[in-house]
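Report on one structure; see the data block that follows.
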Amino acid sequence: MRWLLCLAWVWSLALAFPRVGVHEGFTRLVFDLPSPQVDYRLEEGEGLLTLSFPGLSVPARDLVVNSPEVASVQVVPEGRGVRVLVRLKGAVEVTTRRFGDPERLVLDLSLRREAPARPQAPSGAPPQTRPPNPRRPVVLLDPGHGGVDPGMVGYVVEKEVVLDVALRLKSLLEREGVEVRLTRDRDTHLSRDKRTDLFLRSQMADSSQVNLFVSIHVNASPTRTARGVEVFYFGRAQDPRVLAQVIRENGGGEVGRRLTEEARSAAERILSDVVAQANQRFSQRLAETLGHHLSQATGSPYRGSFPGDFFVLRYARVPAVLVEIGFGDHPVEGRRLQESAYRDRVAQGLLSGVLTFLSNGAFSR
Ligand SMILES: [Zn+2]
């Protein structure tokens, strides 16, 4: 049985489009093509390579690669052809070669060498920060609210719980070799102005060094009877209940409505942007993975993953989600969220969700 599974795995890699190999100093993508007539076009953008193969038909695919050079590869069939999006972790040198018999296109991607070291900074100047180790995945955690903004207040105060859970999750992830950045590591806001505050958080995710972004929140319901886990990815909110929640997390009241309106116009633009759509699909997969693992670890029911016009998630170029770890105003779940042991389980659930998502590529490290 085992050798059969092994054979199936090898067969699936052989059929993969593209085949991905992680080597010392470079990542190789091999595109097997049906004939010499199949042409391609390569565009290099900031943090993204796009290959178009007109006339080619292959199934959609989302692959987390997580090599030093490449974060992910997505295959997007569209009309009469296919587009391949290669998300990069930094500036890369691209070498392309075409071979016949069998027909294939080979791309080798290596990180561009750093510029020569600058002269020593004068004494007293702050030491230059070292670039992060590109081999380690980088996760950005955003404990929601903070400082002047407490978030929801029920059996718990949202800003306190989410910070505590984020710090627990940070040490668990670091133990697994994942680098973690936080939007805040204490009880503070990033700005008194809600728009600026959410903008600064989302800006931190807009870096080619970050692999994924998780904003952590606590839920509330008008009837105080709901419980469970919900995870959101960026997109247009489909139902009024989600919209009400989006407005609350976007600052509530008039501010929340204004920021939701602004985020909504960004969500509409996704409909005509194939790159954003592909990232949305990735985010949806991250949302599903986190939701299932969190529910499993805590025993709290999984209520599902939904698109929402969350200001903090808009324009994210990496998989980005907002996770509601539970309802802080439910008489049972709210009290559980007060407990240290329960918060550990929440952090464990998020840990296994993140690790599962990151390791979903056949060649990940
Ligand atoms: Zn919140």
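No value in this document is a laboratory result; all are computed from the given coordinates. This is a predicted model, so every value here is computed, not measured. Ideal geometry is used to build each Cβ from the backbone, glycine not excepted, and the neighbour counts take in all protein chains shown.
General remarks:
- Rg to Rh quotient for the chain, alpha carbon positions, Kirkwood Rh: 1.00
- Here the Gaussian network model covers the chain, with springs between Cα atoms less than 10 Å apart; of HIS293, HIS23, HIS217, HIS23 fluctuates the most.
- Electrostatic tally near ARG104: other residues with Cβ closer than 15 Å to its Cβ, Lys and Arg +1, Asp and Glu -1, net -1.
- For the peptides 228-236, 327-335, the ranking by packing is 228-236, 327-335, with the highest mean count of neighbouring Cβ atoms within 10 Å listed first.
- Helix-only CD estimate at 222 nm, as mean residue ellipticity for the chain, using -39500 (n - 2.57) per DSSP H run (n ≥ 4): -11000 deg cm²/dmol
- Placing unit charges on each Cβ (+1 for Lys and Arg, -1 for Asp and Glu) gives the chain a dipole about its Cα centre, and among VAL321, LEU286, LEU167 the Cα reaching farthest toward its positive end belongs to LEU167.
- Computed extension gain for THR356 through GLU44, at 0.36 nm per residue and net of the alpha carbon distance, reaches 109.4 nm.
- Pairwise Cα distances in the stretch 13-111 exceed 22 Å for 22 percent of all pairs.
- Summing +1 for each Lys or Arg and -1 for each Asp or Glu among the other residues whose beta-carbon sits under 14 angstrom from that of GLN280 gives +2.
- Label-to-label distance, nm, for residues given as GLU176 and LEU200 (7 Å Cα→Cβ offset): 2.9 nm
- Backbone amide hydrogens, once placed in the peptide plane, bring ALA237 within less than 5 Å of ASP309, excluding anything fewer than 5 places away on its chain.
- DSSP bridge orientation in the stretch 138-358 - percent antiparallel, rounded to nearest 5: 20 percent
- Taking all pairs of distinct alpha-carbon atoms in the stretch 144-282, Kirkwood radius in angstrom: 16.5 Å
- For the chain, a simple Cβ point-charge model (Lys and Arg +1, Asp and Glu -1, everything else neutral) yields a dipole of about 320 debye relative to the Cα centre.
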